[in-house]
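Each remark here refers to the structure printed beneath this line.
The values are calculated or read from the model by the stated rules, or taken from the named source; none is laboratory data. From a predicted model like this one, the values you see are computed outputs, not experimental measurements. So basically every Cβ, Gly included, is an ideal-geometry build from the backbone, and we count neighbours across all protein chains shown. Remember, those area values only see protein heavy atoms, side chains included, never the ligands or the DNA or RNA. Shrake-Rupley method; radii C 1.70, N 1.55, O 1.52, S 1.80 Å.
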Amino acid sequence: ESKTGGYVVYSTCSMLVEENELVVDYALRKRNVKVVPTGLTFGQDAFIRFRQHRMHPSISKAKRYYPHVHNIDGFFVCKLKKTSNVIPQTEEAAAAAAKKQEKREEEKRKHPNGSNKSPQKRKKWMNRKERY
């Protein structure tokens, strides 16, 4: 956990959109991060549209480097800043977590002493335990 928010640099030696922009787009959707400028003064902006894919507009702050343009190996660089320690949940995951919490609370109401066994079952279990 980072109290002040940390940085992650995502970099690949690949030119594939599936390994670069789409990975960053997934991170933007699933985690509390944002794309920040890399601080690099050259390179081409990353794609925000590619074929049928539409990525978050902030991904254009990432950089792509091409061998035939920059006279270096091709690679991709994106700098992400963590904005929160909380992991966002989808509606389905939030509903499942709420249902699980309700079930736990119901069990607590049924068995206030913390045991999930009825008093009769607990007595039988204790009797068996004493035999050994």
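Here is how the numbers come out for the structure above:
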| item | result |
| --- | --- |
| The lone exception for Ala46 - which of (1) in contact with a Gly (Cβ under 9 Å, 6 or more places away or on another chain); (2) surrounded by 15 or more Cβ atoms within 10 Å (Cβ to Cβ) it fails | (1) |
| Residue in the range 24-34 that is assigned to a strand (DSSP E or B), among the β-branched types (Val, Ile, Thr) and open to solvent by less than 90 Å² (accessible area, probe 1.4 Å) present | yes |
| Filter result (farther than 18 Å from Ser14 by Cβ and modelled with pLDDT under 85) within the range 56-82 | Asn71 |
| Residues (under 18 Å from Arg64 (Cα atoms) and either open to solvent by 60 Å² or more (accessible area, probe 1.4 Å) or in a loop (DSSP other than H, G, I, E, B) (or both)) located in the range 1-22 | Val8, Val9, Tyr10, Ser11, Cys13, Ser14, Met15, Leu16, Glu18, Glu19, Asn20 |
